[in-house]
1. State the number of residues belonging to the range 34-62 that are under 17 Å from the mean Cα position of the chain (by Cα), without any contact (Cβ under 8 Å) to a residue 40 or more places away in the chain and surrounded by fewer than 20 Cβ atoms within 10 Å (Cβ to Cβ).
2. Going through the range 85-109 one residue at a time, which ones are surrounded by 24 or more Cβ atoms within 10 Å (Cβ to Cβ), free of Cβ contacts under 8 Å to residues at least 40 places away in the same chain and closer than 22 Å to residue 51 by Cα?
3. Could you run through the range 135-167 and say how many residues are part of a loop (DSSP other than H, G, I, E, B) and either touching a strand residue (DSSP E or B) at 6+ places or on another chain (Cβ under 6 Å) or within 18 Å of residue 181 (Cα to Cα) (or both)?
4. Out of all the residues in the range 151-163, is one or more free of Cβ contacts under 8 Å to residues at least 24 places away in the same chain and either within 18 Å of residue 212 (Cβ to Cβ) or under 19 Å from the mean Cα position of the chain (by Cα) (or both)?
5. Within the range 179-202, track down each residue that is in contact with a helix residue (DSSP H, G or I) (Cβ under 8 Å, 6 or more places away or on another chain) and farther than 17 Å from residue 155 by Cβ.
């Protein structure tokens, strides 16, 4: 028999236990099945802030299930990255080919923050497709909110964290230089500050590559401050 819909009081009580450090992971897992779409996303987000194997299994199932609400799936991807860090990389790589654009975008953010280099080729290919289709406008992106708005820079942050060979560095650098006009002005400024050799107006000789820790921190600050790694 299907479980009855949860009450507001029941739901808020479970979330309060999370905030107060109570053991409520099992309760949230049980509540997920009978929650509405909005509460499912809240539960998936809450499970990113507590340890526990049953919550982890639920997050993995939700992230992989295209029948689940998109917001819940995005929250599950975020929570998996927050809990597992680099160990979530294989799951995040799978999400890169998901049918939902928001889920794919969340996977890129998570990989940029924590991921190993398992998805380097896929994200490099995606960058090469995204840049030529981008048509910047004067007021499209703002410097103050760039990390929240740019589609390109999370991909670049991931790629820049894993320049294991000179060839990789040259590939990304050339891709950005040849598509410089497709970048918004704040994105160009970002490259000047973090990876200056990507600016075609600069010499490649003697240029330094990006700092992987800075790239990761730039993504983590707004998106993964509550990670429990």
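Values quoted throughout were computed directly from the atomic coordinates according to the rules given, and no laboratory measurement underlies them. From a predicted model like this one, the values you see are computed outputs, not experimental measurements. Methodologically, a virtual Cβ is constructed for each residue, glycine included, from the backbone with ideal geometry; neighbour enumeration extends over all protein chains shown.
1. Total satisfying the criteria: 1.
2. 88, 92, 106, 107
3. Here is the first cut: in the range 135-167, the ones part of a loop (DSSP other than H, G, I, E, B) are 135-142, 150-151, 162-165.
In the following step, the residues that additionally are either touching a strand residue (DSSP E or B) at 6+ places or on another chain (Cβ under 6 Å) or within 18 Å of residue 181 (Cα to Cα) (or both) were identified as 135-142, 150-151.
Within the range 135-167, residues that are part of a loop (DSSP other than H, G, I, E, B) and either touching a strand residue (DSSP E or B) at 6+ places or on another chain (Cβ under 6 Å) or within 18 Å of residue 181 (Cα to Cα) (or both) number 10.
4. Restricting attention to the range 151-163, the residues satisfying the condition of being free of Cβ contacts under 8 Å to residues at least 24 places away in the same chain are none.
No, the conditions are met nowhere in the range 151-163.
5. If we filter the range 179-202 for residues that are in contact with a helix residue (DSSP H, G or I) (Cβ under 8 Å, 6 or more places away or on another chain), which is where we start, we get 179-180, 182-183, 186-191, 194-195, 197-200, 202.
Those that are in contact with a helix residue (DSSP H, G or I) (Cβ under 8 Å, 6 or more places away or on another chain) and farther than 17 Å from residue 155 by Cβ: 189, 197, 199, 200, 202.
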